[in-house]
Amino acid sequence: MNSVLTSPHYIGRFAPSPTGPLHFGSLVAATASYLDARAHNGRWLVRMEDLDKPREVAGAAQDIIDTLISFGFQWDAEIIYQSQRDDIYLQALEQLTSQHLAYPCSCSRKDINSAARMGIDGPVYPGFCRDGLPEGKQPRSWRLQVNNDSIEFEDRVQGKQSQILDQQVGDFVLKRADGFFAYQMAVVADDALQGVTHIVRGADLLDSTPRQIYLQQQLGVNSPKYAHIPVATNLHGEKLSKQTRAQPVKHRDSGAVLCRVLSFLGMQPPADLANVPLDALWEWAIQHWQIQSVPRMRRQVTLIPEKIEEDI
């Protein structure tokens, strides 16, 4: 695979899933990636990760875009939608298959759970189909064969990370049993083709990063530099999401909301910054952005009390 873009020194991106409106935690991720790109005089892209159709909420993609616009975000290329890029992911899968790295798997979740031990992100695949499908079994999914090498990288927020995929994850899915391509496959292919050089995102994806780096290595593409910021949680320590009833952000008080986001990211916005025009707020934030000021933790309770968040 090769990038279709001529990469400047920095290309960043924000890649939301349209499973609901943009909430505070998503706005934190968008803001951090945007500020890091702009502070480096780089480009910033938006990609809609709408592969998981069963979880998609009708109208959510456009709602997210409208919310980003209302908060003053500006992206530098047309938004792409993963649901329209199956041919790209299929090409990547065929490349891996031709290299004898990807293989069909007949295992159901029940099959795996009956024999697997728990790893860093769920059951470790036992490798039942690595040497071929059992007699009489039909393929359900496609997996990538991993090895015992240690995947190591320096996260710009969380520090040095390492993981041995064979021990902690196992051969992971590239194409799911329901016919959809898996997140790991799509995100790696799209980051490569868009020329992404830097990724700033939530720390809930930190444990999946070694899988993406390994897949990048097998496809022969460059690995971006990673920075994983704390995930915003409610007062119970639960990640803000549709499942935890996180309220959508509203643009009515966008300056005040963005100032809360900046504080969450370790910045110290002046008290009157919430009342200035958005262009001036972004200018201050870009000038004062320092990723080393972001708290070095995986989760952080949002400073917005629940009753206030509902009014945002």
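The selection criterion, being part of a helix (DSSP H, G or I) and among the hydroxyl-bearing types (Ser, Thr, Tyr), holds for Ser208.
Just one of (1) more than 27 Å from Trp44 (Cβ to Cβ); (2) touching a Phe, Trp or Tyr at 6+ places or on another chain (Cβ under 6 Å); (3) not aliphatic (A, V, I, L, M) fails for Trp75. It is (1). The sole residue among Leu205, Leu240 that is modelled with pLDDT of 95 or more and farther than 18 Å from Leu144 by Cα is Leu205. All conditions but one from (1) touching a His at 6+ places or on another chain (Cβ under 8 Å); (2) open to solvent by 20 Å² or more (accessible area, probe 1.4 Å) apply to Phe71; the one that does not is (2).
When Ala30 is tested against the conditions (1) in contact with a helix residue (DSSP H, G or I) (Cβ under 7 Å, 6 or more places away or on another chain); (2) within 26 Å of Gly170 (Cβ to Cβ); (3) among the small types (Gly, Ala, Ser), the lone failure is (2).
With a requirement of 3 or more residues that are under 28 Å from Pro16 (Cα atoms), open to solvent by 70 Å² or more (accessible area, probe 1.4 Å) and modelled with pLDDT of 95 or more, the helices (runs of 4 or more DSSP H) lying completely within the range 74-172 that satisfy it span 86-98. Restricting the first member to the range 145-158 and to residues that are more than 17 Å from Asp131 (Cα to Cα), and the second to residues that are open to solvent by less than 20 Å² (accessible area, probe 1.4 Å) and not aliphatic (A, V, I, L, M), the beta-carbon pairs closer than 6 Å and six or more apart or on different chains are Ile151/Gln163; Ile151/Pro210; Ile151/Tyr214; Asp155/Tyr226; Asp155/His228; Val157/His228; Gln158/His228.
Within the bounds of the range 47-67, is there any residue that is of a type in the set (Ser, Thr, Tyr), open to solvent by less than 10 Å² (accessible area, probe 1.4 Å), in contact (Cβ under 8 Å) with a residue 24 or more places away in the chain and within 24 Å of Leu262 (Cβ to Cβ)? No: zero hits. Among the residues of the range 30-59, the ones that are closer than 21 Å to Asp76 by Cβ and touching a strand residue (DSSP E or B) at 6+ places or on another chain (Cβ under 8 Å) come to 16 in all. Looking across the range 285-312, the residues that are modelled with pLDDT of 70 or more and in contact with a Lys or Arg (Cβ under 6 Å, 6 or more places away or on another chain) come down to Ile286, Ile291. For the range 257-272, enumerate the residues that are in a helix (DSSP H, G or I), open to solvent by 20 Å² or more (accessible area, probe 1.4 Å) and free of Cβ contacts under 8 Å to residues at least 60 places away in the same chain. Once the filter is applied, which keeps residues that are in a helix (DSSP H, G or I), open to solvent by 20 Å² or more (accessible area, probe 1.4 Å) and free of Cβ contacts under 8 Å to residues at least 60 places away in the same chain, the range 257-272 yields Ser263, Ala271, Asp272.
The values are calculated or read from the model by the stated rules, or taken from the named source; none is laboratory data. This one's a predicted model, so the numbers in the text were calculated from it and none came from an experiment. Backbone-built Cβ (ideal geometry, glycine too); neighbour counts: all protein chains shown. SASA here: full protein model, heavy atoms, side chains in, ligands and nucleic acids out. Shrake-Rupley method; radii C 1.70, N 1.55, O 1.52, S 1.80 Å.
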